[in-house]
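Data first, discussion second: the structure below is written as structure tokens.
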Amino acid sequence: MGEKKTILTGIRPTGNLHLGHYFGAVGNWVKSQDAYNEFIEIADVQALTDNFNNPDKVRKNVRELTLDLLACGIDPKKANIFIQSMIPEIAELTVYYSNLVTVARLERNPTIKTEIAQKKELFGNSGESVTYGFLGYPVSQAADITALGGTLVPVGDDQLPLLEQAREIVRKFNSIYGETLQEPEHLLSSIPRLKGLDGNEKMGKSLGNAIFLIDSDEVVTKKVMDAKTDTTKIHKDDPANPDVCMVYYYHKLVSGENLETICTECKEGKRGCMQCKRELAKNLIDFLKPIKERRKYYEENPQEVDTILKEGTKKARFKASETMAKVRKAIKIDYFEE
Ligand code: TRP
């Protein structure tokens with residue numbers, strides 16, 4: 001019997017989702033929820049590693065993120081959304097994993113290295129901003145993945161070193177305590193990183209170039225109007241190169257059948273940038289419409305959202321407790337078990 005493979009993915013509750021999240025990640029989770037047994041973790045414990053002094057922000061965003069995920073089309077009948085802090089087995093597994101990782105290895109993890117460099121830029125060179133919890137979050141992420149039996153992990157390219165670290169931990173665990181856990185594999189998104197409308201390599205909240213799923217039609221239009229186009233095009237009927245134009249880049253995501261026309265007209269100088277931007281704004285607004293409608297439904301039914309989170313968490317906890325039983329047995333700390 002071909003049992004469905006388990007996908008485990010996670011996201012930190014630190015802000016609302018934008019188009020970068022949708023095209024790089026969440027849209028794929030919506031597609032994969034039919035064929036896989038899917039767990040989506042709201043990584044509040046991980047968010048606290050960076051935001052331990054701002055619990056209100058994390059708490060508020062657990063709700064916001066759940067609404068955004070449901071708005072995108074995550075179907076609670078197919079996928080399980082769960083809250084990390086409500087699965088104590090993950091914290092427990094993190095403790096045992098932390099023996100299997102050296103501090104030097106964590107400091108060499110490229111994702112962590114980049115993040116530490118960013119912190120130093122923000123807080124000065126003291127190094128005091130790097131807490132034990134922050135340095136150890138890859139260990140806790142390895143626990144997230146394996147506690148839930150996640151064999152497949154959809155990630156952006158910035159997360160690959162974290163997955164490699166998880167694989168190393170699993171190998172070490174199995175070599176010391178016997179074959180117990182399965183090494184996770186990554187599922188790389190076809191758009192691991194969506195460019196910003198300003199031409200930046202990444203769309204991000206902190207970069208100020210993001211279109212949020214909850215942005216109003218007016219805000220979407222305004223952001224599109226500011227998008228970067230081919231700077232060599234001066235007049236409306238100058239031919240231009242769509243490949244260097246962010247408006248065209250976004251048309252590729254939402255303007256389906258008209259794409260060829262847009263491309264040819266742009267190259268032949270038959271389309272002004274203003275018209276092109278207006279069309280893009282309209283298509284983006286149309287794209288966001290059903291997302292906003294679903295969000296509104298869940299905003300108006302908060303008890304249903306509670307139930308979705310409780311049920312998802314219950315299923316996740318059941319799975320994590322099965323894994324922990326095996327792990328305790330392997331480490332010989334399964335005292336007084338039958
Ligand atoms: N580190 C991920 C991020 O910052 C979030 C995350 C937490 C995650 N646990 C995970 C991703 C497990 C994949 C698998 O976006």
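The values are calculated or read from the model by the stated rules, or taken from the named source; none is laboratory data. Since we're looking at a predicted model, the values are computed, not measured. Cβ: placed from backbone, ideal geometry, glycine included. Neighbour counts: every protein chain shown.
Tabulated results
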read-out: Residue match in segment 90-101 (condition: of a type in the set (Phe, Trp, Tyr), under 30 Å from Phe23 (Cβ atoms) and in the same structural domain as Val170 (by TED's automatic domain parsing)); value: no
read-out: Verdict on Leu106 being touching a residue at least 24 places away in the same chain (Cβ under 8 Å), in contact with a Gly (Cβ under 9 Å, 6 or more places away or on another chain) and either crowded, with 18+ Cβ neighbours inside 10 Å or at positive phi (or both); value: yes
read-out: Residue ID - surrounded by the fewest Cβ atoms within 10 Å (Cβ to Cβ), chosen from residues in segment 1-53 that are under 24 Å from Gly149 (Cα atoms), within 13 Å of the ligand (Cβ to nearest atom) and among the polar types (S, T, N, Q); value: Thr49
read-out: Test result for Ile74, surrounded by 14 or more Cβ atoms within 10 Å (Cβ to Cβ), part of a helix (DSSP H, G or I) and assigned by TED's automatic domain parsing to the domain that holds Phe23; value: no
read-out: Candidate set from segment 99-151 (those that are more than 23 Å from Ser175 (Cβ to Cβ) and near the ligand (Cβ under 10 Å from one of its atoms)); member that is modelled with the highest pLDDT; value: Tyr137
read-out: Some residue of segment 179-191 being of a type outside the set (A, V, I, L, M, F, W, C), at positive phi and more than 16 Å from the ligand (Cβ to nearest atom); value: no
read-out: Residue list for segment 169-196, filter: surrounded by 14 or more Cβ atoms within 10 Å (Cβ to Cβ) and without any contact (Cβ under 8 Å) to a residue 12 or more places away in the chain; value: Asn174
read-out: Residues of segment 110-163 classified as under 30 Å from Tyr36 (Cα atoms), of a type in the set (S, T, N, Q) and in a loop (DSSP other than H, G, I, E, B), total; value: 1
read-out: Subset of segment 214-237 that is outside any loop (DSSP other than H, G, I, E, B) and in contact with a helix residue (DSSP H, G or I) (Cβ under 9 Å, 6 or more places away or on another chain) - its residue that is surrounded by the fewest Cβ atoms within 10 Å (Cβ to Cβ); value: Lys222
read-out: In segment 152-171, residue nearest to the ligand (Cβ to nearest atom) [restricted to those that are modelled with pLDDT under 95 and touching a strand residue (DSSP E or B) at 6+ places or on another chain (Cβ under 6 Å)]; value: Val155
read-out: Cβ pairs under 6 Å, 6+ apart, first in segment 307-326 and under 17 Å from Ile7 (Cα atoms), second part of a helix (DSSP H, G or I) and of a type in the set (A, V, I, L, M, F, W, C); value: Thr313/Met86; Ala320/Ala147; Thr323/Ala147
read-out: Any hit, segment 164-185, residues being assigned to a loop (DSSP other than H, G, I, E, B) and over 30 Å from Thr94 (Cα atoms); value: no
read-out: Residue match in segment 296-303 (condition: in a loop (DSSP other than H, G, I, E, B), under 30 Å from Ile42 (Cβ atoms), polar (S, T, N, Q) and at pLDDT 95 or above); value: yes
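Residues are listed down the side, and each one gets a yes or a no for (1) surrounded by fewer than 18 Cβ atoms within 10 Å (Cβ to Cβ); (2) assigned to a helix (DSSP H, G or I); (3) assigned by TED's automatic domain parsing to the domain that holds Ser98:
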residue: His251; (1), (2), (3): no, yes, no
residue: Thr261; (1), (2), (3): yes, yes, no
residue: Gly269; (1), (2), (3): yes, no, no
residue: Leu280; (1), (2), (3): no, yes, no
residue: Phe318; (1), (2), (3): yes, yes, yes
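Yes/no matrix, rows are residues, columns are (1) over 15 Å from the mean Cα position of the chain (by Cα); (2) under 17 Å from Asp158 (Cβ atoms):
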residue: Gly27; (1), (2): no, no
residue: Phe39; (1), (2): no, no
residue: Asn51; (1), (2): yes, no
residue: Asn61; (1), (2): no, no
residue: Asp75; (1), (2): yes, no
residue: Pro88; (1), (2): yes, no
residue: Glu107; (1), (2): yes, no
residue: Gln118; (1), (2): yes, yes
